[in-house]
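First comes the structure, then the notes that go with it.
The values are calculated or read from the model by the stated rules, or taken from the named source; none is laboratory data. Since this is a predicted model, take the numbers as computed values, not measurements. Heads up, the Cβs are rebuilt from the backbone with ideal geometry, glycines too, and the neighbour counts pull from every protein chain shown. We work out accessible area using only protein heavy atoms, side chains counted, and drop any ligands, DNA or RNA first. Shrake-Rupley method; radii C 1.70, N 1.55, O 1.52, S 1.80 Å.
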Amino acid sequence: MLNYAKSGESYWVELDISPVTDSTGEIVRFIAVERDITQRRQVEEQLETALKEATRATRAKSEFLANMSHEIRTPMNAIMGFTELLLEKPMHAEHREQLELVHRSAGNLVAIINDILDYSKIEAGKLSLTNEAFDLQEVLESTIDLCGYQAKEKELPLVMNIAPAINTKVMGDKGRVNQILLNLIGNALKFTDSGTVTVNVEAESFLETTRFYISVEDTGIGIPAERLPYIMEKFEQVDNSATRQYEGTGLGLAICKRLIQLYGGELKVESEEGKGSCFSFSITLVNQHSKISVAANQDYPMLDEKLIPEVLRNKKILIAEDSYVNRLLIEKMLNDAPVELVFAEDGEQAVALYCQHVPDMVITDISMPNKDGYEATADIRTLQEQGYPWCPIIALSAHAMTEERERSFASGMNDHLSKPISKDLLIKMIFKWLSLSEENEKKQGAKFKY
Ligand code: ADP
């Protein structure tokens, strides 16, 4: 509470009020404890300002890097292109050798710039993932083919074990998935001189998504235990000496780690110096022809008002949102809709209320205390795999970025509403998913399982 002293000066107090009851349980008085928290609030405000400033500065730096990298790529393109054209012409052997060096160095520089550009885009939250249909098995095979040359040069067997009968026809950013694989397999070959490099692929299939578990194992130089915790940080390399034996920027793993995070997974490493390393990760990709991918392409223009009560009637919707104001706003927006609303104040409560009410739909905020929206979704999807009926889960997020959308899809959510939400969009979203569920119920005669 904001209070005012007699002098007119304002100060903040925290107030605890507890009832005191007699032996019959009747409240006889209240005890109030007042604490002056003005200083604490000032410190909190200062911290918040400092954090905002630091975030703004990091963002500005990343944006600058992204712009610079882009500007450098344009002239690099001319250097690469014209040296290539010149190399097609007959010339003195010594000149050819020098020009080839220019060409190779320019190629290396472009690779470095691409890495910096990717990393700064990720840092600035500007990396957008595409969502196209592709076959992961084909991507794996073409990556192995591409790395085959390097493996052959070092006489290293490059082996891929892929679990049989798994669905590899998925949706996602094929180029970025390819980039992760190329980086990890490329590193394994770079840091291994004898033995084998093995790629293992396993998968767990759900109705909507497939979770892939991929590992790249090598018998190379390994990573010293004391460096292992830092190896995925940007510009981290085991050998930082001027006489470095291996080329590279130290950005590959940092980029892979973040790309994998965008797909709801985690990059892990196990390694022993002199014995070898194993980099493993899991990513969740949406299945082709699943409800998620079909619905993502559906168009809902104008909807018939009458049809909207029909579909919404007697439906139960669980809303998980930690902000009281936003809960109130959603309640008011859905005032006229014939739906029953259940409110959860954090992710943990959302999962408990889901079990208690078994709603027809869940709309969840992303950042919440105790358990965030992704974790709550994962828990609900697990419960549904164990027998609870499937229901659509919609993300309600303050971030409108593509990666946020991708991450919500990857964690098992079906759609995404960006704040600030409008009443119109909210109702259309509810209508869209409830009618899709209904259609499926009719077709299958029962609620389909996730
Ligand atoms: P780069 O390879 O361009 O230096 P990365 O981020 O891909 O950058 O890797 C960072 C560092 O991690 C490498 O320089 C190397 O020291 C270590 N590293 C990565 N992969 C392996 C591996 N398979 N075996 C041994 N060391 C590795």
**Fill in**
Interchain or sequence-distant (5+) residues whose placed amide H lies within less than 5 Å of the amide H of LEU251 are PHE235
**Prompt:** Solvent-accessible area per residue for the range 16-107 at a 1.4 Å probe radius, Å²?
**Reply:** 83
**Mean separation of Cα contacts under 8 Å (6+ apart) over length of the range 304-434, as relative contact order %** = 23
**Message:** Can you give me the distance in nm between label points at ASN114 and ALA60, each placed 7 Å from the Cα along the Cα-to-Cβ direction?
**Reply:** 3.2
**Computed label-point distance, nm, for sites ASN200 and GLN150 using a 7 Å Cα→Cβ extension** = 2.2
**Request:** Pick out which of PRO301, PRO157, PRO420 has the largest mean-square fluctuation in a Gaussian network model of the chain, springs linking Cα atoms closer than 10 Å.
**Result:** PRO301
**Message:** Output the 0 to 90 degree angle, nearest 10, between the alpha-carbon long axis of helix 373-385 and the longest principal axis computed from the alpha carbons of the chain.
**Reply:** 90
**Item:** Considering only the range 114-240, percent of DSSP beta bridges that pair antiparallel, nearest 5
**Value:** 70
**Prompt:** Dividing the alpha-carbon radius of gyration of the range 72-113 by 2.2 N^0.38 Å (N being the number of residues), what value is obtained?
**Reply:** 1.16
**Prompt:** Hey, rough spin-label estimate for GLU97 and ARG313, points 7 angstrom out along Cα→Cβ, what's it come to in nanometres?
**Reply:** 8.7
**Asked** Are there trypsin sites (Lys or Arg not before Pro) in the range 104-163 that DSSP marks as loop and that have at most 10 other Cβ atoms within 10 Å, and which are they?
**Response** none
**Request:** Starting with the highest mean, order 202-214, 365-377 by the number of other Cβ atoms within 10 Å, averaged over the residues of each peptide.
**Result:** 365-377, 202-214
**Value at 222 nm in deg cm²/dmol, rounded to 500, when DSSP H runs of n ≥ 4 in the chain each add -39,500 (n - 2.57)** = -15000 deg cm²/dmol
**Asked** When DSSP assigns beta bridges and you keep just the ones with both residues in the chain, what percent turn out antiparallel, to the nearest 5?
**Response** 65
**Item:** Potential lengthening between LEU425 and GLU340 on full extension [0.36 nm per residue; Cα-Cα distance subtracted]
**Value:** 28.8 nm
**Prompt:** At 20 °C and 1.002 mPa s, what whole-number value in µm²/s does Stokes-Einstein give for the translational diffusion of the chain, with Rh from the Kirkwood sum over Cα pairs?
**Reply:** 82
**Message:** Using 0.36 nm times the number of residues separating GLU26 and GLU270, minus their current alpha carbon distance, what extension gain do you get?
**Reply:** 81.6 nm
**Message:** Explain nothing, just the number: relative contact order of the range 127-188, from Cα pairs under 8 Å at least 6 residues apart, as a whole percent.
**Reply:** 57
**Prompt:** Which whole-angstrom value gives the distance between the alpha carbon centres of the range 33-105 and the range 254-288?
**Reply:** 24
**Prompt:** Once fully extended, how much extra length lies between LEU51 and HIS357, figured as 0.36 nm per residue of separation less the alpha-carbon to alpha-carbon distance?
**Reply:** 106.2 nm
**Prompt:** Which percent of the accessible heavy-atom area of the chain goes to carbon and sulfur, probe 1.4 angstrom?
**Reply:** 53
